[in-house]
Every structure is written in structure tokens, then in C-alpha cells.
Amino acid sequence: MLVLVSGCELVADEGHQLALLDVPESFDPIPVPSHNPTTRAKVELGERLFSDVRLSENGSVSCASCHLPEHAFADPRPLSIGVHGRTGIRNSPTLVNIAYQNLLFWDGGAFTLESQALGPLENPVEMDMNLGALLDRISSDASYQAAFEDVFSQGVNVLTLTQALGAFQRTIRSGGAPIDRYLSGQEDALSASARRGLILFENKADCASCHSGFLFTDQTYQNNGLTFAAADSGRARITLNSDDFANFRVPTLRNVGISAPFMHDGRFSSLEEVINHYDRGGTNSRGQSELVRSLQLSDMEKADLKAFLLSLSDDFILSGLPDA
Amino acid sequence: MKYSKFFLPAVLFVFLFIAGCDSDVMEDEEVMTTLRLQPVFSGQPLLMDQTYDHNGTAISFDGARIYLSEITLIAEDGTETLIEGPSITVPAKDENDADVSHTVSNRVILAKHDHGHEEYDLGMAMSGSYTGMRFKVGIDGQDNRVDASQVPSNHALAKQTDKNNHWNWANGYIYLRVDGLADSDGDGTPDAAFETHLGKTTFLREVELNTAFELTEGITNQIHVMLDYAHLLHMVDLSDPLQLLCHTGDNIPVAQKVAGQISGAFMLHGLHESEHSHHD
């Protein structure tokens, strides 16, 4: 395991023993809501549900269909594809370190990991599942029935289903990237180019204004100057505030090396395209953030910035609980 | 003027007797109370398998639900009684989106008219004369910021498993949802889906019904309120494809039209003795 283990969150094992939901020292402890403590059995149940295509209307799509572990639990397709080949309007974002996310979805529409689970389950262009039918389907599986009884001492219902899915997603974490080793004192963890990129990131390019902290996001909602599609008003859809038009969540930059494409609609397939967008100063679209302005980066500076961004990717990503 | 030595005690006795009688009259008792929220369409019963004329367009319904909360009875002497419901404490977000634990204690009703449910328990209320009642259509404040997935299934704020009562893409409850079909080609047969879903604090509305009623001891008092869905949808042109779908944020003009009609869509019809089973 390459993740630096020391800052830890204690979680209850199903045998009421304590296990460790490990995160690096530089991370805050993983927030676990008191109403949904993490237990091994619950996480395993959630992981099983996460990968089960029976959670979709026609049994063709699971959560993992659009959140692929090998892509940092993101979707390599620009727009995620749901049941019957239906296409949504957004790219499925990474779920790594999602436990730290205060609000969920690109527009912050969901409050918690538990409530968030209902969004894709019911969305007609994602899993298009009627909740009542889903509960019946899961209840009819004896092994699920036993697992829910074991974990919750009750059968499957909205509360237990969402708690299991939430508990599993809370364990998807990473913090063992070269940048973490560099920041903990291992100077050769970053190449010379990446180190120059770090300086650019924090100064001339000013990426760190929004991509800050150990998650490389300040969790705000910004209009980063993309040409916009009228169909997606971003954060304004939630707040009904026109000032939030085309504002989207500042995403974590961790694992950008393996989680392309980028932006809420997956319009950029490479980091070069992303860097060029910001270097141009966006498109001067309606409501564009003042933070997005022409950078006038040289080709070498762009290459350095890319080298730094690649240093944010983990050697591998953890999910589930460590072995007892 | 001279008074006998018995005069003062006699006056006192008479005063106390009268006061005692008065006290008996004023000592109201708690009585069982229900709310019957009867759905109608232009005065006719609202049924899910029936076609109605809506401003010249044939329409039918397959969904009709509405949230009422903060139900308050207004007594003749001005006293207001907020009806309390089963108390639940659930995770929520505060105004700054910080995680909090929140207790919902007021009576919340999710009227499922598409299930034929009309009558709901209000619990105990004091007998006596009332000048009217007040309630909100929708869920206000912190109650609208709870995590619906974590609400016990027997509470009106629980995530429903048949039809959504809560946005699945955003926090907050759907205060009012009306679904059905509208005639799109003028042949008199409803064929195009319409969905009118109203939510968000901006569209929360308070309704006050100023009709006097009396809560009587010895019976279960049913406060009978009628909700006219034709009035709710009156300003919406369901022959216009642009007005067929409204999930609030995606069609603010239609949301405004419906919200503007809420207050006038309710009528307090009177008070009856309850004979029906009650729903939650």
C-alpha cells in the first residue's frame, strides 16, 4: 500500500472492533456521519451494490459503468451513457476522496453521499430505476436480504440502500501521488519540470486560487469561461440565482493523469487542451470568472505545468477497508 | 346604606358561582381533528382515469400530490395553534451547507391525491370557535434542507418509492406535482405528457383560509378543505408545448404562474364529523 498511513479515522468493524480508514497525514480525517458509521460488512455490501447492473432499469448499467476504478472512478467517455444508450449532458466525475466533498454533483445539487445515490438511480438517462421496483428487486435476492439484515438488522429500504452505497464511496480515497511524497520531504519525487510547474501553478498561472488544499479544490462553483450550452445552467439550476449561471464545481485535480476527459461536459480530452483554454483566458463567455484571464505561457511553461499536473496522480487508488 | 353582615359573603358566593360557571364554559377540551383535503377539478371530483377540459384542452391526470406544512388553527380569540407532528431528528445542511442534525416537529402532510388519499390526522386540538386556518404549501427553511434519504419511511418527508416527492438531482422537496397528458393535436384525446413540479423556497406559498368553524367535543372533527387543480393550472396553457414541462428551475415562467394560483385554489368548505380512515 503506497498511501501514507498515519492520519486516520476510526471506524467500527462489524464485530465492533476498530479498523482504520487510512488517509495521509496531510489529509483531514475522513468525515463519517454519525448516523452512518463505516463497518466492513456495510462497505462490502455497498461495493457489491455499486457494481450491480440490476440497479438499473434494464440491467445494463451499474454505478461502476460510469465510475471506473481504473480511471479514478471517473468516466473516460465525454458524456456518460445510461440505459438504452441514453446520453446525459455531463461527464461522470471522479469519486476519489469524494467523502470530503461538501456537496455533490457538478452543480452541488446533492447534500450527502447517501442522498446523492438516488440521483443516478432515478435519472431517466442514467439508470432510470423506479425506487419501489428497485427495492423489490433487491429484496427478492436472498443473499442481499441476508446481507442487509446482517448489516442493518432490517431489510432493504431507501435508508439502508443509500447508507450502504454511501459507506462504500466514502472509502474511495487516494493520497499517494508524487506530489504527496514531495510535500512530505522527498525532493526527487517531482521532476525538475514538475517542480517548475508547481511554481507556475501557484504563481503565474494562478491555478491554486481555486485548486487549493490537499484535494486541489476549494469546493467553490466557478464559471471558467467555457462556451456554454443553454441546456445546462450549472449551479443556477440549483440556486435559481442568475449569478450562478454556468458555474460548476471546481473539481479536484488529483488523478487528472488518469481521469480524462475534462470539464463538466468532458469537452477536453487532454491536459494540453485544458492548459490552452486557461492560457487563452477562456472564451470571455457570459459570467466568466475574473480569475480566468490570459496567461501567456510559453510552450515550456505549458509542458512544466502539465508535468506538475501529472504528479497529482496516484500510483493506485484504494477502495474498501484495509485487511483486518 | 346599611348592609347586613351576610351581604358581602353572599355577593362573593354569587360572584364565585358565576365565575365558576364561566370557567366551565371556557374550559375547552382537546378533540380529535383531521384535515380532509379534497381534490377537485372545476368543482368535480378529481379522478386519475378521467378526461377534463382545461381552458379548451383535453387533459387527464396520473399524478397529483401536494405538501402542506406549518398548519395553524386560528381561534376566535386570536390564539394560534401550530399543529405538531411526529418529531424526527435527521441529518441536514444548514444555510452555509454545513452538516447539522435537524429536528422536524411540525405536522407535514404529503397529500397523495393520485392514490385517492384525502384525509389526514391533525392530532388533538382545543374545542371551540375558530376563525380560520393557515398553512404553507411546501416545506420551509431547515425542514427543506434535510437529507430525504435518511428520513424514516413512515414520515411524510421520507423519500417516496413510487413517485418522486424530492428532486433526485437537487436538495429540497417537490412542493406540488401534477402529471398527466394533454391533447396536443386537437382530437380531444390527451396524448402529450405534462409535468408541473413546483419547489424551491422562492415558490413556497402561505395560504390563509378565513372561514369560521367550530371544533366540537365528542366527535372526530374533520376540517374539510377543497383544492381545485383547475385553479392551480388555470394560467398554464397546456396546448403550448413550451408549458408542458416545468420542474421549477427549467421553466420559471410556468412555475410563477402556478405559484400565483396556489392561494386561490383552496377553499375551506366546512367542518364535519370524520367517518373515514386517515392517511399519512
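The values are calculated or read from the model by the stated rules, or taken from the named source; none is laboratory data. Remember, predicted model here, so these are calculated numbers, not experimental data. Glycine gets a Cβ as well: all are built from the backbone with ideal geometry, and neighbour counts include every protein chain shown. Each accessible area value is taken on the protein alone, full model and side chains, heavy atoms only, with ligands, DNA and RNA left out. Shrake-Rupley method; radii C 1.70, N 1.55, O 1.52, S 1.80 Å.
Here are some notes:
- Only one entry of B:ALA259, B:ALA230 meets the criterion of being surrounded by 19 or more Cβ atoms within 10 Å (Cβ to Cβ), assigned to a helix (DSSP H, G or I), away from chain A (no Cβ under 14 Å) and not acidic (Asp, Glu), and that entry is B:ALA230.
- Odd one out for B:ILE223, checked against (1) modelled with pLDDT under 95; (2) over 30 Å from B:ASP185 (Cα atoms): (1)
- The set of residues in segment B:82-119 being under 17 Å from B:SER149 (Cα atoms) and in contact with a Gly (Cβ under 7 Å, 6 or more places away or on another chain) consists of B:VAL108 alone.
- Condition broken by A:GLN116, with the remaining ones in (1) within 14 Å of chain B (Cβ to nearest Cβ); (2) surrounded by fewer than 18 Cβ atoms within 10 Å (Cβ to Cβ) satisfied: (2)
- Number of the exception - A:GLY175 against (1) surrounded by fewer than 21 Cβ atoms within 10 Å (Cβ to Cβ); (2) under 19 Å from A:ASP22 (Cβ atoms); (3) out of contact with any helix residue (DSSP H, G or I) (no Cβ under 9 Å at 6 or more places or on another chain): (1)
- Contact map, segment B:46-58: first residue closer than 21 Å to B:GLU118 by Cβ, second residue open to solvent by 60 Å² or more (accessible area, probe 1.4 Å), Cβ cut-off under 7 Å, separation 6 or more or different chains; pairs are B:MET48/B:ASP62.
- Checklist (1) more than 9 Å from chain B (Cβ to nearest Cβ); (2) buried (at least 24 other Cβ atoms within 10 Å of the Cβ) applied to A:ILE138, failing item: (2)
- Residue ID - farthest from the other protein chains (Cβ to nearest Cβ), chosen from residues in segment A:186-235 that are free of Cβ contacts under 8 Å to residues at least 60 places away in the same chain and open to solvent by less than 20 Å² (accessible area, probe 1.4 Å): A:LEU226
- Enumerated strands (runs of 3 or more DSSP E) restricted to segment B:1-118, each holding at least 2 residues that are open to solvent by less than 20 Å² (accessible area, probe 1.4 Å), farther than 28 Å from B:LEU271 by Cα and modelled with pLDDT of 90 or more: B:51-54, B:57-75, B:84-93
- Criterion violated by B:GLU119 - all others in (1) touching a residue at least 60 places away in the same chain (Cβ under 8 Å); (2) within 14 Å of chain A (Cβ to nearest Cβ); (3) of a type in the set (Asp, Glu) satisfied: (2)
- Here the helices (runs of 4 or more DSSP H) wholly within segment A:111-163 that include at least 1 residues being over 26 Å from the mean Cα position of the chain (by Cα) are A:131-139, A:142-152.
Rundown of residues vs (1) among the small types (Gly, Ala, Ser); (2) open to solvent by less than 70 Å² (accessible area, probe 1.4 Å); (3) under 30 Å from B:SER153 (Cα atoms), yes/no style:
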| residue | (1), (2), (3) |
| --- | --- |
| B:SER184 | yes, no, no |
| B:ARG205 | no, no, yes |
| B:GLN222 | no, yes, yes |
| B:GLY264 | yes, yes, no |
